[in-house]
Amino acid sequence: MAQQQDSYVIPPDEANAIISRYLNIDPMEAMIPILQELQNTYGFITEAVANQMAEELQLSITEIYGVITFYSFFRFRPRGGRILLTCEGTSCYVKGAGAI
């Protein structure tokens, strides 16, 4: 049974505990370490937490979304049970990796 994306929750008080540790740092410099800690702790970042970060760090939501969507490490829902990585290099492509 697939879980709906909107049912993924990070408790606001737990997110606040992470965010508050970085409030004495420049918000732009603190953004990636906060996102990394949230990602490492929960496996994903929710829209609600991104909005909470924007409010608490006094940044625009577009700045935070820009970082989340730029880096492939960050995601808005947990990964599946198995992760398949394929080579995307030229030599792999020549050998037929594109067909996979």
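Using a 1.4 angstrom probe on the protein heavy atoms only, line up 20, 72 by accessible area, largest first. Kindly include the intermediate steps, with their values, before the conclusion.
Values: 20 55, 72 115 Å².
Per-residue accessible area, sorted high to low, gives 72, 20.
A Förster radius of 41 Å combined with the Cβ-Cβ distance from residue 37 to residue 84 puts the calculated FRET efficiency at roughly 0.95.
Here the Karplus relation 6.51 cos²θ - 1.76 cosθ + 1.60, evaluated at θ = phi - 60°, turns the backbone of region 14-28 into coupling constants of 6, 5, 4, 4, 6, 4, 5, 5, 10, 5, 8, 10, 3, x, 5 Hz, with x for every Gly and Pro. Shape analysis of region 49-100 based on the Cα gyration tensor places the equivalent ellipsoid semi-axes at 35, 14, 6 Å, largest first. Comparing 57, 84, 35 in a Gaussian network model of the chain, where Cα atoms under 10 Å apart are tied by springs, the biggest mean-square fluctuation is seen for 84.
Loop-only check: which GluC sites (Glu not before Pro) in the chain are DSSP coil with at most 16 other Cβ within 10 angstrom? Before the final figure, lay out each step's value.
Details: sites: 14, 29, 37, 47, 55, 56, 63, 88; in loops: 88.
Passing sites in the chain are 88.
Could you state, as a whole-number percent, how many of the C-alpha pairs of region 27-67 are farther apart than 13 Å?
On the way: 377 of 820 pairs.
Counting pairs separated by more than 13 Å, the tail of P(r) holds 46 percent.
Over the chain, accessible surface divided per residue gives 71 Å², non-protein components excluded, 1.4 Å probe.
Which order do 85, 23 take when ranked by solvent-accessible area (1.4 Å probe, heavy atoms of all protein chains), largest first?
So the residues, ranked largest to smallest area, are 85, 23.
If Rh is defined by the Kirkwood formula over all Cα pairs and Rg also comes from Cα, what ratio Rg/Rh do you get for the chain? Ratio of gyration radius to Kirkwood radius: 1.09.
Calculate what fraction, in whole %, of the accessible area of the chain sits on carbon and sulfur atoms when a 1.4 Å probe is rolled over the protein chains. Let's see the in-between values first.
Details: 3780 of 7120 Å².
Using a 1.4 Å probe with all protein chains present, the chain comes out at 53 percent carbon and sulfur.
The distance between label points at residue 70 and residue 23 comes to 2.6 nm (points 7 Å beyond Cα on the Cα→Cβ vector).
The values are calculated or read from the model by the stated rules, or taken from the named source; none is laboratory data. Being a predicted model, the structure only gives us computed values, none of them experimental. Ideal geometry is used to build each Cβ from the backbone, glycine not excepted, and the neighbour counts take in all protein chains shown. Side chains included, ligands, DNA and RNA excluded: accessible areas come from the protein's heavy atoms. Shrake-Rupley method; radii C 1.70, N 1.55, O 1.52, S 1.80 Å.
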